[in-house]
1. Sort out which residues of region 157-189 are on the phi > 0 side of the Ramachandran plot and either in contact with a His (Cβ under 6 Å, 6 or more places away or on another chain) or aromatic (Phe, Trp, Tyr) (or both), and write them in order of number.
2. Tell me the residue from 289, 302 that is at pLDDT 95 or above and surrounded by 15 or more Cβ atoms within 10 Å (Cβ to Cβ), please.
3. I need the full set of residues from region 212-233 which are modelled with pLDDT of 95 or more and either of a type in the set (Phe, Trp, Tyr) or closer than 14 Å to residue 265 by Cβ (or both), in order please.
4. Considering 96, 83, 111, 66, which residue is under 30 Å from residue 285 (Cα atoms) and among the basic types (Lys, Arg)?
5. For region 273-286: of the residues being among the polar types (S, T, N, Q) and more than 41 Å from the chain's Cα centre (by Cα), which is modelled with the lowest pLDDT?
6. Yes or no: region 258-272 includes at least one residue that is within 45 Å of the chain's Cα centre (by Cα), within 19 Å of residue 150 (Cα to Cα) and either in the same structural domain as residue 201 (by TED's automatic domain parsing) or buried (at least 16 other Cβ atoms within 10 Å of the Cβ) (or both).
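The values are calculated or read from the model by the stated rules, or taken from the named source; none is laboratory data. Please read these numbers as outputs of a predicted model, since none were measured by experiment. Reconstructed Cβ throughout: ideal geometry from the backbone, glycine too, with neighbour counts over all protein chains shown.
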Amino acid sequence: MSDRSLFLSLFVALTVITGLLGFYQYSSFENIRETQAAQYQAFQQSLQKTQGEIQAEIAAVNDELKSLLDVRTSALEQEFSGKVSTVERVVNQTRKESERNIDVLSSQLEKIEQSSSEKIATLEDQLKSVRVTNKDFSAIIKDIIKAVVSVKTDTGIGSGVLVDSRGYVLTNYHVIRGAAKAAIITFDNQAHPVKLVGIHEATDLAVLQIGDGGDFTALDFEDRESRIEVGAKVIAVGNPGGLEFSVTEGIISSAKRKINEVLYVQHDVPINPGNSGGPLVNIQGNIVGINTQKRSGFEGIGFAIHAEVADQVAREIILKATAGS
């Protein structure tokens, strides 16, 4: 065989071997690629499955957490609501107890104030009695005189006493009988118009009212018989002889003297024209009678319409006058 033939044979053999090697390599590469593709697909499927399982577990955990959270929230809300109710109940109980305590304290304070006021009033009365006994009524005259008035008419002059702070004045009927004009002069020397409210001829009493109204100082009637007794000191305040707001002193001679079925207090206080209708006052500053007359021809015998009678007549006249208002 020549060299040329040998070379060709070797070339062909080398080409075949190279082709076989190339085919083998290609086949191996394809197998590897297919294997890798299958593995990748399997990995993706496994990953997707794992991802789905994880998501399902997460969802389950979320649901469980949400359920636990709802349960816990509900429990906390119930617990909080219960505590709020308890606090509200305690607050309400405390408020009610405080209100009760305040009511009790207020009641106690009112009782203390009332008791203190009563004690102070009693002490003031006692002090007035002591001062009056020692100083001849000078301690209370300034208070009494504020309630005493002059009743001036076109026929004469008399006295009166304020028995109601609304301006009602009690006097003798004979002081204003037949008068066409009248006026009230108060302690401060102020003149006021006056109107007739009512009369009681049997007791010689009349009630007038200061026409322009106002808030006046008034005297109370004595309602204790023990203070209207024989020997008790009294004063008469009025206008004797036209002298404004004069005061005369004496004692009670008879606590209950009936004359013509009318009850009087007999006393020895000098009674002069102008005293009629003025008050007879005891050391407590209360009215024991309304001075009305003097026994002619005798000194030291005067009469005042008893406080019991005067009070009743005044109340009836005022009540009748105000019944329709």
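1. none
2. Residue meeting the stated conditions: 289.
3. 221
4. Values: 96 fails: under 30 Å from residue 285 (Cα atoms); 83 fails: under 30 Å from residue 285 (Cα atoms); 66 fails: under 30 Å from residue 285 (Cα atoms).
Result: 111 is the single residue among 96, 83, 111, 66 that is under 30 Å from residue 285 (Cα atoms) and among the basic types (Lys, Arg).
5. First, the residues of region 273-286 that are among the polar types (S, T, N, Q): 275-276, 282, 284, 286.
Applying the additional criterion that residues be more than 41 Å from the chain's Cα centre (by Cα) yields 275-276.
Details: 275: 82, 276: 89.
Only one residue tops the list, namely 275.
6. No: region 258-272 contains no residue that is within 45 Å of the chain's Cα centre (by Cα), within 19 Å of residue 150 (Cα to Cα) and either in the same structural domain as residue 201 (by TED's automatic domain parsing) or buried (at least 16 other Cβ atoms within 10 Å of the Cβ) (or both).
Table: residues versus (1) surrounded by fewer than 10 Cβ atoms within 10 Å (Cβ to Cβ); (2) β-branched (Val, Ile, Thr); (3) over 30 Å from residue 187 (Cβ atoms); (4) at pLDDT below 80.
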| residue | (1), (2), (3), (4) |
| --- | --- |
| 54 | no, yes, yes, no |
| 61 | no, yes, yes, no |
| 76 | no, no, yes, yes |
| 101 | no, no, yes, no |
| 104 | no, yes, yes, no |
| 118 | no, no, no, yes |
| 136 | no, no, no, yes |
| 141 | no, yes, no, no |
